[in-house]
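K.L.:
Here's a structure for you.
The values are calculated or read from the model by the stated rules, or taken from the named source; none is laboratory data. Bear in mind the structure is a predicted one, so any value in this text is a computation, not a measurement. When we count neighbours, we look across all protein chains shown, and the Cβ atoms used for this are built from the backbone with ideal geometry, even at glycine.
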Protein chains: 2
Amino acid sequence: MPESNVLPLLLALDFGGTKHAAAVLRAGEKQWFAHRRAFSPPNANATTDLEIMRSLIHDLLQGSQPAAIGVSFGGPVDASTGNVRLSHHVPGWENIPLASLLSKEFGVAVSVDNDANVAALGEHRFGAGQGCDSLMYITVSTGVGGGWILDGRPWRGADGMAGEIGHTVVHPKGPLCLCGKQGCLERLASGPYMAQQVRETMQRFPSRGQGVRHFVGDDLEAITGEIVSRAATQGDELAREVLETAGWALGVGIGNAANLMNPQQFVLGGGVTKAGVNFWEVVRRVARETALPEVNFEIVPAALGDEAPLWGAVALANDLMSFS
Amino acid sequence: MPESNVLPLLLALDFGGTKHAAAVLRAGEKQWFAHRRAFSPPNANATTDLEIMRSLIHDLLQGSQPAAIGVSFGGPVDASTGNVRLSHHVPGWENIPLASLLSKEFGVAVSVDNDANVAALGEHRFGAGQGCDSLMYITVSTGVGGGWILDGRPWRGADGMAGEIGHTVVHPKGPLCLCGKQGCLERLASGPYMAQQVRETMQRFPSRGQGVRHFVGDDLEAITGEIVSRAATQGDELAREVLETAGWALGVGIGNAANLMNPQQFVLGGGVTKAGVNFWEVVRRVARETALPEVNFEIVPAALGDEAPLWGAVALANDLMSFS
């Protein structure tokens, strides 16, 4: 990599649960200079995660020095210190001072935040939320999480826990969530829970879900959120019902959040939001019905897809530069 | 009033739905120099409201000049311009440029915001929320509304509509709210709706609510939220059930708001929150159960009571001074 270029290099890192990514770009540019991805091994821990990331970084930088590093981490982080609290997927991350580790190793300032906040920042600066002063980014995938941009800046909450829309209750008589409550948005709208709902209904009523069986045969364990989406698109009634319930739950959650915070925009990402126009129609209609008429907002698809956390990490790195 | 005092005078105004208040204090002090209240006449409109307020002001100031004016208004306001959008209680307030009217009349800077936001600011600067960087103020009275302080400043939302926790849905199969939705927090927890719930149950089941009848005899129209509270305190089963449902609804709404925004504190004011320890116990327990374990917050009673909007108006006036 040429050392002579005048624009400083920004390094963006994304520690996901099962896959990692790293990329570099020149400050102010909107295209990656170089980009690398890697999957975690089956028995990953914090040490192997860090080793994988180091090898991606060295491969990318080839001896160049970044001017700042931004990091998205898939789990709770104290953004003020850059200390990871834990990972829900990978052991050994408890209380790891990630910002300080990387800062010592590379000799530059490092900013770390959790993936939902960083993705919100990414969509705000480089994606669907450009020009929008206030937005909530929501990812609907294996879980349902979110991050806020208010007044153009991340709002993380007093304990860094803001954005947990997945565990707002939208139906107090609804099914039991892993968190112990009934009717959490995540319990009704996440991919694995939609799959579980379809699976359990097919076990009780074997005549239902013929369109789902088309994909998995008798192996009901093989049902995924994506298969539910595809079966719904092809007209399976059960899959449509479950997807409609998911859209309804998401619409109520968004409408409630709109009444509470009145942001300009909700940006939706994650696999479940690729479920097609019916799903989006339900989400938009129910959110509109749930919010008061005077509360305006738009609901738009995320523009950066899986790269939202990396682009948010660029924004974090960039902000470090402007303070230095 | 002596003109010689060196500290400038701040004028605080509270345009309520049925009563108005005005007060002056010396900047930096925490006690009223003088304070006046007045009720609206039965057929009040914007003109009579303004006349009443003018007479309170002239009585207070007696020719002195305030350095700045802060105003709480009981209805939607564009806080950036100080234009009132409307009053839900009093006709004629549509699009009245209140800040500009007062500014011309008194020759000083004027800041206007709606009562929930101003009360939140009042509790933050002078009441239960002192020293707290992020809080939601919630009033549970004839309606259920709220205002946010985030990073020490009011968060009003893109349309000035943030804080409408009363119209978040907490039970999608619940009773119909005036707004057209089912199971809004306000529909389950406001004083008039609690009274309605008790009244309708007594009409259908005349043996119920004997403790309520003790207060109103056969005049079920005379039931109010306060009577429900008092009957509950004295052991009436129906009143207790309705109050417990209100507490449950408020707890779910607060827990959901905690998961979304993670503020340090919820400050509760309004008549319904005077319902006693049982009510508070239910609110706190359900809010704690609804929020994720990692989301910390406290729920505290408002400290300023009916004066919260006036004190918030002082804060608005004070902020005008520091910008001038």
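K.L.:
Among the residues of segment A:164-178, write down those that are under 19 Å from the mean Cα position of the chain (by Cα) and at the interface with chain B (Cβ under 7 Å from one of its Cβ atoms).
P.N.:
A:Glu164, A:Ile165, A:His167, A:Thr168 - these are the residues of segment A:164-178 that are under 19 Å from the mean Cα position of the chain (by Cα) and at the interface with chain B (Cβ under 7 Å from one of its Cβ atoms).
K.L.:
Same structure, new question: Taking segment B:175-190 as the search range and keeping residues that are closer than 18 Å to A:Thr168 by Cα and touching a Cys at 6+ places or on another chain (Cβ under 8 Å), which one is surrounded by the fewest Cβ atoms within 10 Å (Cβ to Cβ)?
P.N.:
B:Gly183
K.L.:
Something else now. Hey, could you check segment A:263-295 for residues that are assigned to a loop (DSSP other than H, G, I, E, B) and free of Cβ contacts under 8 Å to residues at least 24 places away in the same chain and say which is farthest from the other protein chains (Cβ to nearest Cβ)?
P.N.:
Step by step, filter segment A:263-295, then rank; the result is A:Pro293.
K.L.:
Considering segment B:149-163 alone, what residues qualify as being within 7 Å of chain A (Cβ to nearest Cβ) and among the acidic types (Asp, Glu)?
P.N.:
B:Asp159
K.L.:
Is segment B:257-280 home to any residue that is more than 20 Å from the chain's Cα centre (by Cα) and more than 21 Å from A:Leu260 (Cβ to Cβ)?
P.N.:
Yes, segment B:257-280 contains a residue that is more than 20 Å from the chain's Cα centre (by Cα) and more than 21 Å from A:Leu260 (Cβ to Cβ).
K.L.:
Here's another thing I want to ask about it. If you scan segment A:129-149, which residues turn out to be buried (at least 22 other Cβ atoms within 10 Å of the Cβ) and in contact with a strand residue (DSSP E or B) (Cβ under 6 Å, 6 or more places away or on another chain)? It would help to see each step written out before you state the result.
P.N.:
Going through segment A:129-149, the residues buried (at least 22 other Cβ atoms within 10 Å of the Cβ) turn out to be A:129, A:134-140, A:144-149.
Passing the criteria: A:Gly129, A:Ser134, A:Leu135, A:Met136, A:Tyr137, A:Ile138, A:Thr139, A:Gly145, A:Gly146, A:Gly147, A:Trp148, A:Ile149.
K.L.:
Now, a different point. Considering only segment B:205-221, I want to know if a residue exists there that is of a type in the set (Phe, Trp, Tyr), surrounded by fewer than 21 Cβ atoms within 10 Å (Cβ to Cβ), away from chain A (no Cβ under 13 Å) and part of a helix (DSSP H, G or I). Spell out the reasoning first.
P.N.:
To start, the set of residues in segment B:205-221 that are of a type in the set (Phe, Trp, Tyr) comprises B:205, B:215.
Those left that are additionally surrounded by fewer than 21 Cβ atoms within 10 Å (Cβ to Cβ): B:205, B:215.
Cutting the leftovers down to away from chain A (no Cβ under 13 Å) gives us B:205, B:215.
When the remaining residues are screened for being part of a helix (DSSP H, G or I), the result is B:215.
Yes; the residues of segment B:205-221 include at least one that is of a type in the set (Phe, Trp, Tyr), surrounded by fewer than 21 Cβ atoms within 10 Å (Cβ to Cβ), away from chain A (no Cβ under 13 Å) and part of a helix (DSSP H, G or I).
K.L.:
Return the residue satisfying two criteria in turn: it lies in segment B:179-193 and is of a type outside the set (Phe, Trp, Tyr) and farther than 15 Å from A:Gly255 by Cα, and of such residues it is farthest from the other protein chains (Cβ to nearest Cβ).
P.N.:
Kept after step one, since they are of a type outside the set (Phe, Trp, Tyr), are these residues of segment B:179-193: B:179-192.
So of that shortlist, the ones also farther than 15 Å from A:Gly255 by Cα come out as B:186-192.
Numbers: B:Glu186: 11, B:Arg187: 13, B:Leu188: 11, B:Ala189: 14, B:Ser190: 15, B:Gly191: 20, B:Pro192: 18 Å.
By that ranking, first place goes to B:Gly191.
K.L.:
State yes or no: is B:Ala22 touching a helix residue (DSSP H, G or I) at 6+ places or on another chain (Cβ under 6 Å), over 25 Å from B:Gly270 (Cβ atoms) and at pLDDT 95 or above?
P.N.:
Numbers: touching a helix residue (DSSP H, G or I) at 6+ places or on another chain (Cβ under 6 Å): yes; over 25 Å from B:Gly270 (Cβ atoms): no; at pLDDT 95 or above: yes.
When the stated conditions are applied, B:Ala22 does not pass them.
K.L.:
Would you please name the residue that is farthest from the other protein chains (Cβ to nearest Cβ), looking only at residues in segment B:113-141 that are of a type in the set (S, T, N, Q) and farther than 12 Å from B:Gly269 by Cα?
P.N.:
Taking the candidates together, the pick is B:Gln130.
K.L.:
Can you tell me which condition B:Ala23 does not meet? The list is (1) in contact (Cβ under 8 Å) with a residue 40 or more places away in the chain; (2) assigned to a loop (DSSP other than H, G, I, E, B), and all the others hold.
P.N.:
(2)
K.L.:
Restricting attention to segment B:240-253, does a residue exist that is more than 23 Å from the chain's Cα centre (by Cα) and either within 14 Å of chain A (Cβ to nearest Cβ) or outside any helix (DSSP H, G or I) (or both)?
P.N.:
no
K.L.:
On the given criteria, is B:Ala12 crowded, with 22+ Cβ neighbours inside 10 Å and either modelled with pLDDT under 95 or more than 21 Å from the chain's Cα centre (by Cα) (or both)?
P.N.:
no
K.L.:
Pick from A:Ala287, A:Ala291, A:Ala317: which is within 23 Å of A:Ala116 (Cβ to Cβ) and in the same structural domain as A:Gln65 (by TED's automatic domain parsing)? Spell out the reasoning first.
P.N.:
Values: A:Ala287 fails: in the same structural domain as A:Gln65 (by TED's automatic domain parsing); A:Ala291 fails: in the same structural domain as A:Gln65 (by TED's automatic domain parsing).
Matching residue, one of A:Ala287, A:Ala291, A:Ala317: A:Ala317.
K.L.:
State whether one or more residues within segment A:198-206 are over 19 Å from A:Val252 (Cβ atoms) and among the basic types (Lys, Arg).
P.N.:
yes
K.L.:
Quick one: would you say B:Glu105 is touching a strand residue (DSSP E or B) at 6+ places or on another chain (Cβ under 9 Å) and under 21 Å from B:Val24 (Cα atoms)? Please lay out each step first, then the result.
P.N.:
Working: touching a strand residue (DSSP E or B) at 6+ places or on another chain (Cβ under 9 Å): no; under 21 Å from B:Val24 (Cα atoms): yes.
In short, no.
K.L.:
Tell me, which residue of segment A:46-84 that is modelled with pLDDT under 95, part of a loop (DSSP other than H, G, I, E, B) and over 19 Å from the mean Cα position of the chain (by Cα) is surrounded by the most Cβ atoms within 10 Å (Cβ to Cβ)?
P.N.:
Checking each candidate, the answer is A:Ser64.
K.L.:
Quickly run through segment A:296-310 and pick out the residues that are part of a loop (DSSP other than H, G, I, E, B), surrounded by fewer than 22 Cβ atoms within 10 Å (Cβ to Cβ) and within 11 Å of chain B (Cβ to nearest Cβ).
P.N.:
So the first thing to find is which residues in segment A:296-310 are part of a loop (DSSP other than H, G, I, E, B), and the list is A:296-297, A:302-304.
Add one more test, that the residue is surrounded by fewer than 22 Cβ atoms within 10 Å (Cβ to Cβ), and what stays is A:296, A:303-304.
A:Asn296, the sole residue that qualifies.
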